[in-house]
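Engineer: First, the structure itself, so that you have it in front of you.
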Amino acid sequence: MSGGFEELDTRSKTERLAELAEQAKSCSACSLSRTRTNVVFGVGNPEAPLVIIGEGPGQNEDSTGIPFVGRSGILLDECLKVCGITRKHIYICNVIRCRACQYEAGRLQNRPPTAEEAKACQPWLEQTLQIIRPLVILCLGSPSANAIIHRNFRMSQERGQWYESKYARHTMASWHPAYILRMEGEAYSNAKNDLINDIEQARKRVILARKEPPKTSLFDE
Ligand code: URA
């Protein structure tokens, strides 16, 4: 800061995100850094008006370094496609950027992030969102809604509702694809339709939000 004006960073969002992703590769803020294969930073368009935030990388993501490439990712891509959206239109990242897992019945199984892990990873999420400055955020699953919307978010009651968050004027949460994949029959179809509807609402919200006057850090309270 000088004379009340912020220093202007003239680098593109792509350059700034790439630098941040590079820094994240050596993060050791929590113990997940000891077991990860790759930091799964994020993927997509740094200029995207819509950011989707999941929970955390699973095994496939850990081994490739790319978010949502396993079964959940296939379902997410399918739902996005129904709304005419591809990964080039959006940016996708997670609450935590290293895989959280534990041994169950002799196998390594994914598990939700602990509050400490989410907190340790929060600076990467915040800086990512500060660079992208999305118009709309869609959180997938409770850990994401808790980190972005509010700490006591109840998916069964608050899914599909719009909130203003610290990170975007328009923020909503929907079912996580992994949760949908655990369902069967009508419950599966209903939850999948909810996710498709919520993505479509997010797409329409981007169109509306583009017509709103922009907030700038210099001249707005
Ligand atoms: N689930 C998530 O929340 N994120 C991923 O990247 C993959 C699965």
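Engineer: Among L195, L50, L181, which one shows the biggest mean-square fluctuation in a GNM of the chain, springs joining Cα atoms closer than 10 Å?
Structural biologist: Between L195, L50, L181, it is L181 that shows the largest mean-square fluctuation.
Engineer: Taking every pair of alpha-carbon atoms in region 2-72, give the share separated by more than 14 Å as a whole percent. Please report the intermediate quantities before stating the final value.
Structural biologist: Numbers: 1701 of 2485 pairs.
That fraction is 68 percent.
Engineer: Run through region 166-219 and list the chymotrypsin sites (Phe, Trp or Tyr not before Pro) located in a DSSP loop whose Cβ has at most 13 other Cβ atoms within 10 Å.
Structural biologist: Numbers: sites: Y167, W175, Y179, Y188, F219; in loops: Y167, W175, F219.
Answer by residue number: F219.
Engineer: State to the nearest 20 debye the size of the charge dipole of the chain about its Cα centre, where the only charges are +1 on K and R beta carbons and -1 on D and E beta carbons.
Structural biologist: Dipole magnitude for the chain comes out near 260 debye.
Engineer: Mean residue ellipticity at 222 nm from the helices of the chain, using -39,500 (n - 2.57) per DSSP H segment of n ≥ 4 over the full residue count, to the nearest 500 deg cm²/dmol? Provide the component values of the computation, followed by the final result.
Structural biologist: Numbers: 8 runs with 89 residues, N = 221.
Rounded to the nearest 500, the figure is -12000 deg cm²/dmol.
Engineer: Which residue fluctuates the most in the chain, going by a Gaussian network model with Cα springs under 10 Å, if the choices are F41, F153, F68?
Structural biologist: Fluctuation is largest for F153.
Engineer: Please calculate how many Å² of accessible area the chain carries per residue, with a 1.4 Å probe and no DNA, RNA or ligand atoms counted.
Structural biologist: Numbers: 12270 Å² over 221 residues.
I get 56 Å² per residue for the chain.
Engineer: How large is the direction-averaged shadow of the alpha-carbon convex hull of region 126-181, in nm²? Intermediate results must be reported in sequence, preceding the final value.
Structural biologist: Working: hull surface 15.0 nm².
The orientation-averaged projected area of the Cα hull of region 126-181 comes to 3.8 nm².
Engineer: Still on this structure, I have one more. Among E184, E78, E117, which one moves the most in a GNM of the chain with springs linking Cα atoms closer than 10 Å?
Structural biologist: In the Gaussian network model the winner is E184.
Engineer: Same structure, new question: Report in % the part of the accessible area of region 98-143 that belongs to carbon and sulfur, leaving out ligands and nucleic acids; probe 1.4 Å.
Structural biologist: 53 percent
Engineer: Here's another thing I want to ask about it. Treating each Cα of region 47-150 as an identical point scatterer and ignoring solvent, apply the Debye formula and state log10 I(q)/I(0) at q = 0.13, 0.23 Å⁻¹.
Structural biologist: The calculated log intensity ratios at q = 0.13, 0.23 Å⁻¹ are -0.47, -1.37.
Engineer: Positive end of the charge dipole of the chain (Lys, Arg +1 and Asp, Glu -1 on Cβ, about the Cα centre): tell me which of M172, C79, P112 has its Cα farthest that way.
Structural biologist: Result: C79, furthest along the dipole toward the positive end.
Engineer: Here is a further query. Strictly over 25 Å apart at the Cα level, which of K81/K166; K119/K211; K119/K204; K25/K204; K13/K211 would you flag in this model?
Structural biologist: Values: K81/K166 28 Å; K119/K211 34 Å; K119/K204 31 Å; K25/K204 35 Å; K13/K211 22 Å.
Too far apart for the 25 Å limit: K81/K166; K119/K211; K119/K204; K25/K204.
Engineer: Then there's this: Is the chain best put as rounded, prolate or oblate by its Cα gyration tensor, with a ≥ b ≥ c the root eigenvalues, rounded for a/c under 1.5, and otherwise prolate when a/b is larger than b/c, oblate when not? Working shown, then result.
Structural biologist: Numbers: a/c = 1.77, a/b = 1.18, b/c = 1.50.
Oblate shape, in that a/c is at least 1.5 and b/c is the bigger or equal ratio.
Engineer: For region 158-213, what % of the accessible area comes from carbon and sulfur atoms, probe 1.4 Å? Please report the intermediate quantities before stating the final value.
Structural biologist: Details: 1520 of 3150 Å².
About 48 percent, which is the carbon plus sulfur part of the accessible surface.
Engineer: Starting from 0.36 nm per residue, how many nanometres of slack lie between L181 and Y103 once their C-alpha separation is accounted for?
Structural biologist: Contour length minus Cα-Cα distance gives 26.0 nm.
Engineer: Which is farthest toward the positive dipole end of the chain among L20, F68, L50, measuring Cα position about the Cα centre, with Cβ charges +1 (Lys, Arg) and -1 (Asp, Glu)?
Structural biologist: F68
The values are calculated or read from the model by the stated rules, or taken from the named source; none is laboratory data. Because the structure is a prediction, the values reported are computed rather than measured. Here Cβ is always computed from backbone atoms with ideal geometry, including for glycine, and neighbour counts include all displayed protein chains. These accessible areas exclude ligands, DNA and RNA; they are computed on the full protein's heavy atoms, side chains included. Shrake-Rupley method; radii C 1.70, N 1.55, O 1.52, S 1.80 Å.
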